[in-house]
1. With every protein chain kept in the model, how would you rank Lys178, Lys20, Lys111 by accessible area, 1.4 Å probe, largest at the top?
2. If each residue of separation counts as 0.36 nm, what is the full-extension length gain between His177 and Val88 once their alpha-carbon separation is subtracted?
3. What FRET efficiency do you get for Trp222 and Gln53 if R0 is 51 Å and r is their Cβ-Cβ distance, rounded to the nearest 0.05?
4. Given springs between every Cα pair under 10 Å in a Gaussian network model of the chain, which of Ala17, Ala180, Ala116 has the largest fluctuation?
5. At a probe radius of 1.4 Å, what is the per-residue accessible area of Leu36, in Å² to the nearest 10?
6. Keeping every protein chain in place, order Asp292, Asp170 by accessible area at 1.4 Å, biggest value first, i.e. largest first.
7. Per the helix-only calculation at 222 nm, which mean residue ellipticity applies to the chain, given -39500 (n - 2.57) for every DSSP H run of n ≥ 4 and division by its residues, nearest 500 deg cm²/dmol?
8. In region 100-338, what percent of the accessible surface is made up of carbon and sulfur (1.4 Å probe, ligands and nucleic acids excluded)?
Amino acid sequence: MITAAPPALQPIEPEPADWKRAWRDAVRDPRELLALLGLAQLGAGLSQAAAAQFPLRVPRGFVARMRHGDPCDPLLRQVLPVLEEERVVPGFVLDAVGDGAARAAHGVIRKYRGRALLVATGSCAINCRYCFRRHFPYAEETAAAGQWREAVAAIAADPTLHEVILSGGDPLSLATHKLAELTDALAAVPHVRRLRVHSRLPVVLPERVDAELLGWLRALPWPVSVVVHANHAREFDQGVDAAMARLRETGAVLLNQAVLLRGVNDSVDALADLCERGYLAGVLPYYLHQLDRVAGTAHFEVGDDAARALHQALAARLPGYLVPRLVREIPGDPGKRPL
Ligand SMILES: *Cc1c(COP(=O)(O)O)cnc(C)c1O
Ligand code: SF4
């Protein structure tokens, strides 16, 4: 017989102050990061130049998921500024995806039919070494700058746009009331039918998925998808699982996009683990991206033939719904190009 009150089923939602504190508290000193992991001896492999150009930044909760004493840890490799970045490799350029040209002053990029990508902000909670953003870390051409007016006007002026994609930087690095300002304005645009949010925060700073954010998501007038960016199974832990559960409770569809990265996830085991682990958290794989050929990232590259072979092996191992599409972004293409 059950006499006691059942335990509370509602997961505890963090307070807004929590994520802002965790955000500010991020590790920014490469030597401190190495010391925390018992890897002080790797100091000689650090690149001052790379760190000066694109500083280290990593939330402590993400550091806690790194393996102590493992110089090859796949999470560490994604954030540590290393000497390999100084190598100049032909074909690896500053603006690899052509966004510099496509980006309008109001922060709206319309490259693909029906979809507008809105560069909501330039900031991120984590600095990923493989990212194009390393060369535009302080990008000011964001849609938030003009209180969204120009961006919303650009979307309203094009009735073929049915989906608005919030991107960045990381759009969830904006305060929730700022996001609400934007979606309130977008709600007046009748041809907008879907909203998509691309964010690494639910993975790297799950505290961001707080009551305020959930309230905002629940109140949106469109079907919402949230594309999280995890590259390795070990980026998931209990805190991330709980954040994903809270997100799913709002009715949002959760998808994952990963980048194929040498030394991080370039094995069938690592990729299969990522897809299966994501599914446990309620996230379906969406894209597996070939690296954008951005200056300083050549050591992460996996050749196209190797990428195809990995993808085929993955498809042979997993059910179809757990196999992401292997794609590359080519400037000028009408969509991501399948490999
Ligand atoms: C990747 C991208 C999209 C979204 O493409 P999907 O294939 O729909 O995920 C939209 N606009 C731009 C500019 C992009 O780079
Ligand atoms: S945009 Fe995404 S991949 Fe790039 S630094 Fe920010 S979180 Fe990392």
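1. Working: Lys178 40, Lys20 85, Lys111 60 Å².
Listed by decreasing accessible area, they come as Lys20, Lys111, Lys178.
2. 27.8 nm
3. 0.85
4. Top of the fluctuation ranking is Ala17.
5. Around 80 Å² of this residue is reachable by solvent.
6. Asp292, Asp170
7. Rounded to the nearest 500, it is -8500 deg cm²/dmol.
8. The nonpolar share, carbon plus sulfur, comes to 54 percent.
The values are calculated or read from the model by the stated rules, or taken from the named source; none is laboratory data. Small disclaimer: the values here were computed from a predicted structure and weren't measured. Please note: Cβ atoms are built from the backbone with ideal geometry, for glycine as well, and neighbour counts cover all protein chains shown. Surface areas here come from the heavy atoms of the whole protein model, side chains and all, with no ligands, DNA or RNA. Shrake-Rupley method; radii C 1.70, N 1.55, O 1.52, S 1.80 Å.
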